[in-house]
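A.B. asks: Supplied in structure tokens, the structure appears directly below.
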Amino acid sequence: MKKVAMFVWNHFTNDARVNRECTALAEADYDVDLIAINDPKNTAIEAFEQRGPHFKVHRVKRYPFLIQAYADHGKKFLVIIGGMSFTIAAGLFWINLKLMLGYLVLLLAGMAMIKVKKLRKWVVNGAIIARMIVKGYQQKADIYHANDLNTLPQGIVCSKLRLHPKPLVYDSHEVQSDRTGYNPERIRKIERFLLQFVDKMIVENHTRAKHNERLYGFYPQPLYNYSTLYDIAQQPHYHLHEKLGLDPHEKILLYQGGLQQGRGLEKLIEAMPMIQEGVLVFVGGGKLTAALKAQAQQSEARDRIYFLDKVPFEQLPSITREAHVGFQVLQNICFNHYSASSNKLFEYIMAHVPVIACDFPEIKRVVEENEVGIVTDTHDSRNIAEAVNQLLHHPDLYERYRANTRKAKMIYNWQNEKQKLLHVYNTLESKYSYIGKIQSQMK
């Protein structure tokens with residue numbers, strides 16, 4: 001059985017795409033070891049998890065000892081360290097002045113690592129990368145798989161810096177060279193350099209594949225982020241109305257996903273006073289959580305806006321099935337957003353929930369060709385409100401869109417799409433098997 005070592009830069013509790021890929025490979029008789037990051041704040045997450053006979057998760061520690069101790073105990077830890085350090089420094093003074101000075105330099109460096117935010121981030125990330133590389137080498141995999149640019153160096157070191165190099169898959173879930181918070185020129189140079197060590201690159205869709213071809217001169221394998229095919233009627237009930245204290249007939253207008261910049265979430269809150277029926281429910285978390293809650297409190301429709309913490313991806317269909325409308329209202333702040341075909345669109349379709357969506361190419365094509373919702377310019381909250389009200393006031397139109405989701409889900413599902421992933425792996429196996437034979441003959 002071939003062994004795969006895969007890297008992901010998160011805790012792997014909400015990453016449905018990576019779970020689908022690992023599960024598909026495990027079901028195809030690959031032995032999969034996923035290397036993720038542990039979350040010291042969540043005691044429910046384990047450092048090792050056996051998710052199936054051929055699918056294991058290894059989570060490396062996030063923090064070095066000093067930073068973890070400071071995170072756990074705060075000022076109390078500094079007081080203890082200070083007292084111990086004074087005692088040690090006093091003892092060293094009587095032994096050797098140089099030893100004492102060296103000790104104090106190391107101590108100051110350790111304190112700087114704890115207190116200086118930017119330095120702490122570099123130290124923490126460097127420690128994570130080092131631990132991932134060690135864990136990756138330990139797996140002795142036949143194929144290595146890096147999810148996104150922040151795990152590609154780990155994949156390169158583990159797959160290529162060895163006596164017998166192994167194939168490497170680079171699975172880019174985002175447009176790394178054009179997304180918010182990143183320096184495009186710097187990222188392009190880094191990605192271009194690292195790509196020379198990659199055997200096969202995967203991107204989310206054809207729009208992004210064409211963009212990659214313009215930048216780097218080759219067309220990677222598109223692998224759409226479709227939902228797993230399932231019968232939504234068989235999913236457990238979450239009883240969302242009851243948990244939120246809503247009337248059982250209240251229409252839930254749902255956004256599920258990260259509460260991040262550029263996803264149009266402020267526009268949804270702005271739209272609520274103009275939407276004539278229903279409640280807006282956010283399911284997820286992120287950097288904008290506090291700001292969105294504050295905005296909601298200032299809204300005329302504050303009593304119709306609710307927030308739920310993010311849930312494990314396995315539970316999400318139980319919530320989605322109770323929605324009347326699903327939102328995918330990205331803003332065009334970078335090419336990464338403009339080119340997206342994100343999984344929440346297909347999760348809504350899988351749960352038979354009509355959508356209000358942005359008019360970006362990949363999303364617009366799915367929604368309009370299959371008539372599963374309304375596409376609009378989501379940069380204006382009035383457009384969002386108008387689209388929702390159209391569905392609320394035209395039940396026949398709503399039911400037509402809802403019926404169409406049942407047909408669309410048979411096209412846009414992971415059971416169909418995963419064959420492309422398996423083809424990538426089969427191609428790599430054939431390539432490296434042929435190279436191995438040639439090398440053996442030369443000996």
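A.B. asks: Of all residues being among the acidic types (Asp, Glu) and more than 23 Å from the chain's Cα centre (by Cα) in segment 297-337, which is surrounded by the most Cβ atoms within 10 Å (Cβ to Cβ)? Just the residue, please.
C.D. replies: 322
A.B. asks: Now a separate question. Would you pick out the residues in segment 19-41 that are closer than 22 Å to residue 126 by Cα and not acidic (Asp, Glu)?
C.D. replies: 34, 35, 36, 37, 38, 40, 41
A.B. asks: Of all residues in segment 304-350, count the ones that are among the aliphatic types (A, V, I, L, M) and more than 16 Å from residue 239 (Cα to Cα).
C.D. replies: 9
A.B. asks: Next question. So which residues in segment 191-226 are closer than 25 Å to residue 261 by Cβ and at pLDDT 95 or above, if there are any at all? Full working, then the answer.
C.D. replies: Of the residues in segment 191-226, the ones closer than 25 Å to residue 261 by Cβ are 191, 203-205, 207-208, 211-212, 215, 224-225.
Within segment 191-226, 191, 203, 204, 205, 207, 208, 211, 212, 215, 224 meet the criteria.
A.B. asks: Evaluate segment 405-413: report whether one residue or more is within 27 Å of the chain's Cα centre (by Cα), of a type in the set (S, T, N, Q) and part of a helix (DSSP H, G or I).
C.D. replies: Among the residues of segment 405-413, at least one is within 27 Å of the chain's Cα centre (by Cα), of a type in the set (S, T, N, Q) and part of a helix (DSSP H, G or I), which makes the answer yes.
A.B. asks: Right, something else. Is it the case that residue 388 is assigned by TED's automatic domain parsing to the domain that holds residue 331, within 29 Å of the chain's Cα centre (by Cα) and not in a helix (DSSP H, G or I)?
C.D. replies: Considered against the rule, which asks whether it is assigned by TED's automatic domain parsing to the domain that holds residue 331, within 29 Å of the chain's Cα centre (by Cα) and not in a helix (DSSP H, G or I), residue 388 comes out as no.
A.B. asks: Take residue 368 and decide whether it is at pLDDT 95 or above, assigned to a helix (DSSP H, G or I), charged (D, E, K, R) and within 18 Å of the chain's Cα centre (by Cα).
C.D. replies: Values: at pLDDT 95 or above: yes; assigned to a helix (DSSP H, G or I): yes; charged (D, E, K, R): yes; within 18 Å of the chain's Cα centre (by Cα): no.
So residue 368 fails the test.
A.B. asks: Is it the case that residue 217 is under 26 Å from residue 318 (Cβ atoms), without any contact (Cβ under 8 Å) to a residue 12 or more places away in the chain and surrounded by fewer than 14 Cβ atoms within 10 Å (Cβ to Cβ)?
C.D. replies: no
A.B. asks: Now for a different question. Evaluate the following for residue 196: is it within 19 Å of residue 59 (Cβ to Cβ) and either of a type outside the set (Lys, Arg) or not assigned by TED's automatic domain parsing to the domain that holds residue 19 (or both)? Don't jump to the end; show me each part of the working.
C.D. replies: Working: within 19 Å of residue 59 (Cβ to Cβ): no; either of a type outside the set (Lys, Arg) or not assigned by TED's automatic domain parsing to the domain that holds residue 19 (or both): yes.
Taking the combined requirement at face value, the residue does not satisfy it.
A.B. asks: Next question, about the same structure. What's the number of the condition residue 409 fails, among (1) of a type in the set (D, E, K, R); (2) surrounded by fewer than 18 Cβ atoms within 10 Å (Cβ to Cβ); (3) over 18 Å from residue 274 (Cβ atoms)?
C.D. replies: Unmet for residue 409, out of (1) of a type in the set (D, E, K, R); (2) surrounded by fewer than 18 Cβ atoms within 10 Å (Cβ to Cβ); (3) over 18 Å from residue 274 (Cβ atoms): (2).
A.B. asks: Step by step: first the residues of segment 148-181, then only those that are touching a residue at least 60 places away in the same chain (Cβ under 8 Å), in contact with a Gly (Cβ under 8 Å, 6 or more places away or on another chain) and part of a helix (DSSP H, G or I), then the one that is nearest to residue 208 (Cα to Cα). Which residue is that?
C.D. replies: Checked segment 148-181; the qualifying residue nearest to residue 208 (Cα to Cα) is 155.
A.B. asks: Among the residues of segment 203-223, is any among the acidic types (Asp, Glu), assigned to a loop (DSSP other than H, G, I, E, B) and assigned by TED's automatic domain parsing to the domain that holds residue 281?
C.D. replies: No - not one qualifying residue is present in segment 203-223.
The values are calculated or read from the model by the stated rules, or taken from the named source; none is laboratory data. What you see is a predicted model; the values in this text were computed from it and never measured. Please note: Cβ atoms are built from the backbone with ideal geometry, for glycine as well, and neighbour counts cover all protein chains shown.
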